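The values are calculated or read from the model by the stated rules, or taken from the named source; none is laboratory data. As the structure is a prediction and not an experimental result, all values here were calculated from the model. Positions of Cβ are backbone-derived with ideal geometry, glycine not excepted, and every protein chain shown enters the neighbour counts.
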Amino acid sequence: MKKTIAFIFLITLFSITHSEDGKWILQKIDEFSDFQSVYSKSKMTIIKKGKITSTMEFEAYSKKVNNDDYMLAKYYYPKRLKGTAILSKDNSIWYYNKRSNRIRLLSKSAKKGSMMGSSFSYDDMEMNYLDDFTSEILNKRSKNYLLKLIPRDKDSKYKYLKMSVDKKSFLVKSIEYYDDNNIKFKTLNIIKYKQFDNKWYETELEMIDEVNGKLTRIKTYEDSIKTEIDIPDSQFSERKLKK
Amino acid sequence: MRIKNIVFIYLIFFNFTLSFETITELYIKTYLAKDIDTFSPEARLIIDENSMEDYELNLELIIDDDDSELDLARVKFYLDESDLELGRNRIGWGVGTNFNPSDIFNDKAFDSAFDPYYRKEGRDSIIYTKYFNNSNLQALYTFTQEKTILNMNDERSPDFAFKYKKNILDYDIELIFISKGEHLRYIGITEEADSIYGFNFKGDIPNSDFGIWNEMIYSEEENDIGAAFGIDLYFAEKFYFNLEYFRNYKGEDKKSEYDFTLLSLQENIGQNYLIPALKVEFTEKLSTYTYLMLNLDDNSLIIGDTMDYYYNDIISINFGLYYILGSEGSEYGYYSDEYGVINAGGSIKAEF
């Protein structure tokens, strides 16, 4: 009897100290792939029915400031987008068009909208899984964890996400996005990672719109990536939008 | 050959030795209406030197079948916590979507109303902007502008203005003062000098997805208020809706008191307008913008539907269809009498 009680006690103690719950996995993901600051240049390609319909290139600065994600993206290709810039911080998006020389603060609903006609929304680019979602493990028997993430924001357009995470590396392999009707309407596949500063950066990813078949691929130029650099907060300002 | 053209050829030549970036835009614009059938080619040469940390240089030359014009020629210095812009510039004030009562510094071209690629004409100016932690203060001076339009003189006296902008609780808020100089219009009307005070804000309606904005000015000369007030919403990733109310303090609320000569200045002549609009992005290459411009004083209206199509990275196409309706003596009734109930316009742009 005593042995049984001791055994149960040890099992319980082990469970408490090494609990593989969803939150723990998200924390591990952060540990291995969440950077405080990044600069990079990327190419975004939109593909429909196997044909490239649009290509654009941009440089982006990102930084975590007080648990908020700041991002400044400046487009430089094609020429019709050159001089267009987007600043995202403190839940707001500012848009600048060089030819009209006007900065516009967009409404928050713009964040749910498509980024430059792609399958990504602005929200998608800034998701903080640990802070913005609750999570539970659906499956951990295979080589990947399968998590279900439910947004804390009741106004989110996603009812829940299914995330596949490699058990050894804690790198996200794919994410499926489900709407209010439990229909999977987008899938994100992370195709390639590269290691910087002992963490892993997504250098190639693609988002598939399951409704219309549109595929958006973002490929980051690896030699442009600079991580954990000192980016001043002033980089994320109206002044830098126009520069 | 005009001196401006020689300067530009010189600059293009030096583009190969200096780090100038050039963009050439070629347009073919056409407009079809009653007794109007225009076909206008236009070229814009844009030169940007922005490789330096401390300054940038921007030039824009427009060449059409009538004339060539240096529409933009400015140098911008990046100083410590401030910027200084000198030269011919487009000044973009205001938060309204369709109307900007506080954006008074640049003229609008005669045919701008239905031109999707229209840009305001540049104005010689000095602009100094001082940046603070979460705000900025801008001081602006525009020089005397003299030009000839349809063989008649148009002269603007200098303006000077201040704008203080700050983001508070996710709202962009602006306080404005403008000392507007006298403007002798080419049609023989004189706009008197004026002092204009403005208050603008843009943000979101709390606990909703709707954006909201207000652009409001008080004109001391007219002792009246101009405003643009609106809401907007992005939804379902493809749709953008906005609804804007515009109060034109220069207009009249009774059609019997309309001054129709102001229409040639691209000015509205009524006082109260409502503009609902919907943009649909069918694909990353194709979008449409449908709007209703309703004159609330005389119930005349324009319904417009424009389509933008990016054929490829170089070529884009725009086509617009306009339905113009109004009773006799109304603002858009005058348009439909002059130009027909249905108008159409199209443009092809090549950019490389």
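For the reader, a short list of remarks on this structure follows.
- Applying the condition of being touching an Asp or Glu at 6+ places or on another chain (Cβ under 7 Å) and charged (D, E, K, R) to region A:158-192 and asking which residue is nearest to A:MET125 (Cα to Cα) yields A:LYS186.
- Criterion applied to A:MET125, A:MET163 was being in contact (Cβ under 8 Å) with a residue 40 or more places away in the chain and surrounded by 14 or more Cβ atoms within 10 Å (Cβ to Cβ), and the one residue passing it is A:MET125.
- Every residue from region B:80-98 that is among the hydrophobic types (A, V, I, L, M, F, W, C) and within 11 Å of another protein chain (Cβ to nearest Cβ): B:ILE91, B:TRP93, B:VAL95
Matching residues to (1) under 21 Å from B:TYR171 (Cα atoms); (2) away from chain A (no Cβ under 14 Å); (3) modelled with pLDDT under 95:
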position: B:THR190; (1), (2), (3): no, yes, yes
position: B:ASP194; (1), (2), (3): no, yes, no
position: B:GLY198; (1), (2), (3): yes, yes, no
position: B:ASN214; (1), (2), (3): yes, no, no
position: B:ALA236; (1), (2), (3): no, no, yes
position: B:ASP253; (1), (2), (3): no, yes, yes
position: B:GLN271; (1), (2), (3): no, yes, no
position: B:LEU274; (1), (2), (3): no, yes, no
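- Number of positions in region A:19-56 that are within 18 Å of the chain's Cα centre (by Cα) and either surrounded by fewer than 16 Cβ atoms within 10 Å (Cβ to Cβ) or of a type outside the set (Val, Ile, Thr) (or both): 19
- Residue that is modelled with the lowest pLDDT [pool: residues in region B:28-56 that are buried (at least 18 other Cβ atoms within 10 Å of the Cβ) and in contact with a Lys or Arg (Cβ under 8 Å, 6 or more places away or on another chain)]: B:GLU42
- Filter result (loosely packed, with under 14 Cβ neighbours inside 10 Å and either modelled with pLDDT of 95 or more or in contact with a strand residue (DSSP E or B) (Cβ under 7 Å, 6 or more places away or on another chain) (or both)) within region B:64-76: B:ASP65
- Residues of region A:58-82 satisfying the condition of being facing another protein chain (nearest Cβ under 10 Å) and farther than 20 Å from A:LYS219 by Cβ: A:LYS79, A:ARG80
- Scope region B:327-352; condition away from chain A (no Cβ under 14 Å) and among the acidic types (Asp, Glu); matching residues: B:GLU328, B:GLU331, B:ASP337, B:GLU338
- Any hit, region A:19-35, residues being away from chain B (no Cβ under 14 Å), farther than 30 Å from B:TYR27 by Cβ, modelled with pLDDT of 90 or more and assigned to a strand (DSSP E or B): no
- For region B:155-201, taking the residues that are assigned to a strand (DSSP E or B) and of a type in the set (S, T, N, Q), the one that is farthest from B:THR142 (Cα to Cα) is identified as B:ASN167.
- B:PRO101 falls short on exactly one of the conditions (1) buried (at least 20 other Cβ atoms within 10 Å of the Cβ); (2) within 14 Å of chain A (Cβ to nearest Cβ); (3) not acidic (Asp, Glu), and that condition is (2).
- Scope region B:222-234; condition more than 14 Å from chain A (Cβ to nearest Cβ) and modelled with pLDDT of 95 or more; matching residues: B:ASN223, B:ASP224, B:ILE225, B:GLY226, B:ALA227, B:PHE229
- Complete set of residues in region A:83-113 that are more than 7 Å from chain B (Cβ to nearest Cβ) and part of a loop (DSSP other than H, G, I, E, B): A:GLY83, A:THR84, A:LYS98
- Residue check for B:THR17: under 14 Å from B:ASP115 (Cβ atoms), at pLDDT below 90 and of a type in the set (Ser, Thr, Tyr): no
- Residue that is surrounded by the most Cβ atoms within 10 Å (Cβ to Cβ), among those in region A:205-217 that are within 14 Å of chain B (Cβ to nearest Cβ) and part of a strand (DSSP E or B): A:THR216
- Total residues in region B:239-257, condition within 20 Å of B:ALA227 (Cβ to Cβ) and aromatic (Phe, Trp, Tyr): 3
- Residue among A:GLU31, A:GLU126, A:GLU136, A:GLU59 that alone is farther than 28 Å from A:LYS168 by Cα and charged (D, E, K, R): A:GLU59
- Single residue of region B:220-245 satisfying the filter (more than 18 Å from the chain's Cα centre (by Cα) and of a type in the set (A, V, I, L, M, F, W, C)) that is surrounded by the fewest Cβ atoms within 10 Å (Cβ to Cβ): B:ALA236
- The residues of region B:246-278 that are assigned to a strand (DSSP E or B) and surrounded by 18 or more Cβ atoms within 10 Å (Cβ to Cβ), listed by number, are B:PHE246, B:ARG247, B:TYR273, B:ILE275, B:ALA277.
- Residues in region A:122-160 that are at pLDDT 85 or above and under 18 Å from A:ILE183 (Cβ atoms): 8 in all.
- Among the residues of region B:306-316, not one is surrounded by fewer than 15 Cβ atoms within 10 Å (Cβ to Cβ) and more than 12 Å from chain A (Cβ to nearest Cβ).
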